[in-house]
Amino acid sequence: MTGRPLYVGIDLGTTNSAVAVFDGETTQVIRNAQGSTLTPSVVRIDGKGRVTVGAAARRFLERDPENTRSEFKRLMGTERALPFAASGRSLRPPELAAAVLGALRADVLDQVGLLPDAAVISVPALFELPQSAATSEAAKLAGFGKVELLPEPIASALAAGWTAEQGDGRWLVYDLGGGTFDVSLLETDGGFLRVVGHDGDNFLGGRDFDWAIVDWALAEIAREHGVTIRRDDPTHGAAIAQLKHAAEDAKVGLSRAGQVVLTLAAPLEIPGAAPFDPELALDRAVLEGLISPLVDRSLDVCRRLLQEHGTSADQLARIVFVGGPTVTPMLRERVGHTLGAAVAEGLDPMTLVAQGAAIHAASTALDGRPAGPLVRRGARLWLQFPAVCTDLSPHVIGRVVDAGQGPMPSNVRLVRGDGGFTSEVATLDDDRAFVAAVELVARHANVFEIVAEDAAGVRVAVDPPSVTIVQGMTIGDPPLSRSIGVALVSDHVQVYFERGTPLPARRSFTHATVESVARGAAEAVLKIPIVQGEHDRAHLCRLVGTLEIPGHAIGKTLPAGSDIELTIELDRGGRMSAKALVPALDQMFEHVAHLLVPAADPEVLAASLAALRQRVDDLRAEAFRRGMPHIIGALEHAEHDLGDVSRDLGAATGGNDDAGQRARRTLLEIDAALDEVEQSKQWPELEQRVVRTLTWAGGQVGHLGTERERALFEDVAKAIDRARAERNVRELQRQLRLANQLGETAWYRDPDTWPALFDEASSRVDAASDLPRAQALVREGKAARARDDGAELRRITEKLWRLLPHDPTARRASYDSGVR
Amino acid sequence: MSAVDRWGDNPFFVLDLPVTATRAEVERAGQKWLGMLEVGMSRAAIYTTPLGVRARTPELVRAAMAELRDPERRIGHELWHLEHEPPSTLDAEDDADAEGPEPEPAALRILGWSRP
Ligand SMILES: Nc1ncnc2c1ncn2[C@@H]1O[C@H](COP(=O)(O)OP(=O)(O)O)[C@@H](O)[C@H]1O
Ligand SMILES: [Mg+2]
């Protein structure tokens, strides 16, 4: 490899995609064959099987919808394949995304002369594991050998920070795309960028603006022409598509002009009515009225984020806008004004993400230049250094991996290209490795020549002969967007990784099986469901994978209560792998099944909708009866969301899969919100629990706890007071759990505890899953008690617990989990 | 996680830094250890604590850096680290912890609990 490095960043958008390259100092946004920096994420396959991508395909979106596909990013991670009628082909979402990535990759070749082998691809911050996995697959299909994924807000922040003057403080990245909304709170401190937190809505975007305009247009048409056009009537599909397109053009037009006319490519044709052209005039005032509820929804998310991180408006230094809809003047004003912060000007909202992704490629040393022929230029070094670095004095670490025929280097020093700095001489150690500290010139690409000498002081050629380190803003490891854990048989979640955990990450816990798995039994399978989400009830979290231990794959029958040592690993892109070691079998299981978003089946969704409606009605009746006005507001909110679901469901029944996915997620959210309502209904009960828990746990920790446990307990007690003052149900429950844990830890030390627990477990032994074994344990336990062997009694009691029954309803809700 | 692990995994031990280390020193040390571990330098693979020698892994280093980047979490680690006395193991903790007078936790006082 020669010349400057080629760092490639790609914004694979729902609506538009873009690619940028970075050479260590400046970013360049690549133009496609049409001369545009934006490539619509649209794929068309014609009757001859020819594939077109981008603007050329987009033109056919309404004219030939059977053979032209867009917005497939929203289906990433689902099983749904999209058919192309004329060619008879059918492509899965990653294959469609690969077509777009392939086109961008070719554009880089056109503009830079190199076909990149590696790239950083941005993904929405709230993408879940299956969606990330599908994105990686798309990159592989497009011919990228190496790929890293980066959350979009971090990419925007890096790009904005790279060009900004140094200025410490907190700022918001407000990214409203075609279909998703992301907002991130960041902080710069001495050139270090840190993500403080983020939030968003996977289903809010410019597209919703378009639909708001379409709904307005439908009402106008009904009023002026007396024709009723319905979004959920399949025979009106073509007219709706035409109106949607016109609505989008009008919306974009209004970002420049004060008034526009909705222009249709052809008159509308509705069964039972003569073709007509409605010619509707739309001005900014009407548009603002239509979109302001949507903008408000985004502002609610922003406020929630700021509040969560204790940031008041006057602490916010600036707002960076990203995404097409943020070009809308009213939106910029309203968001800037409401949040009371300055808007960063001079940044291109459409390509900022791609630029940031390219800069990140440099920080992770993901050089996209294809590997050239191997030419040996001296002793081969394996080097480690930050390609981009905020610190002015980083280290270069190296190791001689192959000296070939030549002499072995014995010491090394690094000489900066401008001659202004030479490192101390670093001697190679027993591992043939060295560590050298270097000094950087700020905001420059610093090239260091590696000068090596052998034991006799004679210069030795090394390969590579130099390293380049760029000084500038960097960011730490990307944080995990949503917590990941294992669903337990009790419908609780064992959290493996909290939201915000830096990636990559790995963690292990030991679980116990709740029933035996018979060897060879075809239908016997033990399931370990892996879920993602912030709820402590498993069924409210999203199932992202299931690790299975099937009867046909085990060497011998696995008894109930057996240990399973589960390790879950996440790479930087949020891709997950899991391994279960079963010591009793001496076997390892790694196959994670169904890493897919479940299909949104309209009938199933309709049933959940009906059930939730009923629940809202019941809760409301109760609230009135018992005089609990504070929960009425929350119920009204749920009611409103149920209305949205109902509308989406109509569209889903009409074949709109994406609306189905949105309905499914909204249903989950409503379910969780109602759970909270039920909990807050129990606030008085919770208050009593606080007193009980603090008294009991405080007593235990006080009598039997260590000094540290007492200090921790004091912290927890303070947090409980805070949560109580804020009436934060979830936080209060979390803290109560902690208090209980501390209390239990102390309590377990009490010599009287285990005999009591053993008696309680023995009394339920008849219900054990493996009766002979449980009875044997009871006998052993009695003997241990007679001997006064507390440690043994504890071991036996814990084993006994594992054999005692679980609640079958909870288990079903918890994705059929077979572990505790 | 046991108290011993929690203490031994203290980011300042893992990164071999004093609690007074600046933000830049944290990044610098982390980058150095990660590089040394990556190329397989044996002297990077362990670190010493008053409780003995422990294995330094890239995961530990990255986690330590993440902990110290967050000012709120950093304070906690500084406090843990400044308690020079290492925690004893679960079986023998009471003796070690019983030494010296203890402050009475406010939460317990509020609840009307007092030491026997
Ligand atoms: N000048 C504009 N004014 C208002 N909306 C715009 C403008 N340009 C593009 N849009 C809208 O922006 C959305 C696409 O934004 P983009 O950031 O490219 O989305 P994504 O990140 O989903 O690919 C579309 O809804 C489009 O109609
Ligand atoms: Mg985008």
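The values are calculated or read from the model by the stated rules, or taken from the named source; none is laboratory data. Here the structure is a predicted model, which means the values were calculated and not measured. Because the Cβ atoms are built from the backbone with ideal geometry, glycine has one as well, and the counts that use them run over all protein chains shown. With ligands, DNA and RNA removed, areas are computed over all heavy atoms of the protein, side chains included. Shrake-Rupley method; radii C 1.70, N 1.55, O 1.52, S 1.80 Å.
Has region A:174-185 got at least one residue that is within 14 Å of chain B (Cβ to nearest Cβ), closer than 30 Å to A:Q315 by Cβ and either away from ligand 2 (no atom under 16 Å from the Cβ) or at pLDDT below 95 (or both)? Reasoning before the result, please.
As a first pass, look at region A:174-185 and keep what is within 14 Å of chain B (Cβ to nearest Cβ): A:185.
Within this subset, residues satisfying the condition of being closer than 30 Å to A:Q315 by Cβ are A:185.
Filter once more, so that each one left must be either away from ligand 2 (no atom under 16 Å from the Cβ) or at pLDDT below 95 (or both): A:185.
For region A:174-185, residues within 14 Å of chain B (Cβ to nearest Cβ), closer than 30 Å to A:Q315 by Cβ and either away from ligand 2 (no atom under 16 Å from the Cβ) or at pLDDT below 95 (or both): present.
Of these, A:V544, A:V460, which one is more than 34 Å from the chain's Cα centre (by Cα), more than 14 Å from chain B (Cβ to nearest Cβ) and buried (at least 19 other Cβ atoms within 10 Å of the Cβ)? I'd like the intermediate steps shown before the answer.
On the way: A:V544 fails: more than 34 Å from the chain's Cα centre (by Cα).
It is A:V460.
Quick one: which residue in A:Q682, A:Q661 is at pLDDT below 80, open to solvent by less than 50 Å² (accessible area, probe 1.4 Å) and out of contact with any His (no Cβ under 6 Å at 6 or more places or on another chain)? Step through it out loud before you land on a result.
Values: A:Q682 fails: open to solvent by less than 50 Å² (accessible area, probe 1.4 Å).
Result of the check over A:Q682, A:Q661: A:Q661.
Being farther than 30 Å from A:K146 by Cα and touching a residue at least 24 places away in the same chain (Cβ under 8 Å) narrows it down to one residue among A:V388, A:V400, A:V441, A:V353; which is it?
Details: A:V388 fails: farther than 30 Å from A:K146 by Cα; A:V400 fails: farther than 30 Å from A:K146 by Cα; A:V353 fails: farther than 30 Å from A:K146 by Cα.
None of the others qualify; the one that does is A:V441.
Of these, A:R664, A:R724, A:R749, which one is at the interface with chain B (Cβ under 9 Å from one of its Cβ atoms) and either among the charged types (D, E, K, R) or in a helix (DSSP H, G or I) (or both)?
Working: A:R664 fails: at the interface with chain B (Cβ under 9 Å from one of its Cβ atoms); A:R724 fails: at the interface with chain B (Cβ under 9 Å from one of its Cβ atoms).
Answer to the check: A:R749.
Out of all the residues in region A:340-352, is one or more at pLDDT 90 or above, open to solvent by 60 Å² or more (accessible area, probe 1.4 Å) and not β-branched (V, I, T)?
yes
Every residue, every condition in (1) under 26 Å from the mean Cα position of the chain (by Cα); (2) open to solvent by 10 Å² or more (accessible area, probe 1.4 Å); (3) more than 16 Å from ligand 1 (Cβ to nearest atom), yes or no:
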| residue | (1), (2), (3) |
| --- | --- |
| A:A18 | yes, no, no |
| A:S36 | no, yes, no |
| A:G47 | no, yes, yes |
| A:R58 | no, yes, no |
| A:E71 | yes, yes, no |
| A:R74 | yes, yes, no |
| A:E79 | yes, yes, yes |
| A:G88 | no, yes, yes |
| A:A99 | yes, yes, no |
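Can you list the helices (runs of 4 or more DSSP H) found entirely within region B:8-76 that contain at least 3 residues being within 12 Å of another protein chain (Cβ to nearest Cβ) and closer than 23 Å to A:V438 by Cα?
Working: elements: B:11-15, B:23-38, B:58-69.
Those helices (runs of 4 or more DSSP H) span B:23-38, B:58-69.
Residue check: is A:P407 away from every other protein chain (no Cβ under 14 Å), at pLDDT below 80 and either open to solvent by 40 Å² or more (accessible area, probe 1.4 Å) or within 33 Å of the chain's Cα centre (by Cα) (or both)? First the steps, then the outcome.
Values: away from every other protein chain (no Cβ under 14 Å): yes; at pLDDT below 80: no; either open to solvent by 40 Å² or more (accessible area, probe 1.4 Å) or within 33 Å of the chain's Cα centre (by Cα) (or both): yes.
Spelling it out, it is not the case that A:P407 is away from every other protein chain (no Cβ under 14 Å), at pLDDT below 80 and either open to solvent by 40 Å² or more (accessible area, probe 1.4 Å) or within 33 Å of the chain's Cα centre (by Cα) (or both).
Name the one entry in A:V260, A:V214 that is without any contact (Cβ under 8 Å) to a residue 60 or more places away in the chain and closer than 23 Å to A:N16 by Cα.
A:V214
Exactly one condition in (1) open to solvent by 50 Å² or more (accessible area, probe 1.4 Å); (2) touching a Gly at 6+ places or on another chain (Cβ under 9 Å); (3) at pLDDT 90 or above is not met by A:D314; state its number.
(3) is the only condition that A:D314 fails.
When A:F203 is evaluated against the numbered criteria (1) away from ligand 1 (no atom under 16 Å from the Cβ); (2) away from chain B (no Cβ under 14 Å); (3) open to solvent by 20 Å² or more (accessible area, probe 1.4 Å); (4) closer than 24 Å to A:R297 by Cα, which criterion, by number, is the only one it fails?
Single failed check for A:F203: (1).
Pick from A:P94, A:P116, A:P83, A:P124: which is more than 28 Å from A:G197 (Cβ to Cβ), touching an Asp or Glu at 6+ places or on another chain (Cβ under 6 Å) and not hydrophobic (A, V, I, L, M, F, W, C)?
A:P94
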